[in-house]
Amino acid sequence: MTSRPTPLVIDHIGFLVADLEQAIERWSLATGYTFSPIARYRTQTWTDASDPEPHAHDARISFSREGSPAIELMEFHGAGTHSAAEGEGFHHIAFMNVTDIEERKRQLALLSFRQNGQAVDEAGNVILWFTDKGDLNNVRLEYVSADPQPIVADDGRALAPDEDGKPDLWAPR
């Protein structure tokens, strides 16, 4: 019998949108939530089913301050997991500060979960990993390492670090 992975707390739920500025406005009006200034998850080491070779990924994002879990809004990007072909709406459930993504990948592979989205750091360590949505009722799971992520301001400038050394979406720009 396969053992269950250690439970993790859901950090945020991600939604794909066609127009990020419009979505922020609508979600704010509908929920009363405050959303961060727009940022970008920018890496040159993205792989997914659209291209298994490392390539550029430059997704525009915004997170709600409120919530447990928070809401992440992501604008359509590229040809793969974040593309317009995915359609607007639910994208993933995310778990943050995962200390051993490789171990989580091994555990889920034993349950026949596949990968469809991954970013690695300069040393080749996995810093973000998505399961394939077909493996869990059309729901992707996202595992994000405790390492700083390649997040920059919408204009490409570096973001000030928070107390953990990670890019701070809420720091003055």
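The values are calculated or read from the model by the stated rules, or taken from the named source; none is laboratory data. These numbers come from a predicted model, not from an experiment. Here the Cβ is made from the backbone with ideal geometry for all residues, glycine too, and neighbour counts use every protein chain on show.
From the set of residues in the range 53-82 that are modelled with pLDDT under 95 and among the polar types (S, T, N, Q), which is farthest from Val17 (Cα to Cα)?
Top of the filtered list is Ser68.
Suppose we keep only residues that are among the aliphatic types (A, V, I, L, M) and without any contact (Cβ under 8 Å) to a residue 60 or more places away in the chain within the range 1-31. Which one would you say is surrounded by the fewest Cβ atoms within 10 Å (Cβ to Cβ)?
Here the answer is Met1.
Checking Asn116 against (1) at pLDDT 95 or above; (2) surrounded by 16 or more Cβ atoms within 10 Å (Cβ to Cβ); (3) in a helix (DSSP H, G or I), which single condition isn't satisfied?
(3)
How about the range 32-80: which of its residues are touching a His at 6+ places or on another chain (Cβ under 8 Å), without any contact (Cβ under 8 Å) to a residue 60 or more places away in the chain and not in a strand (DSSP E or B)?
The answer is Gly67, Pro69, His77, Gly78.
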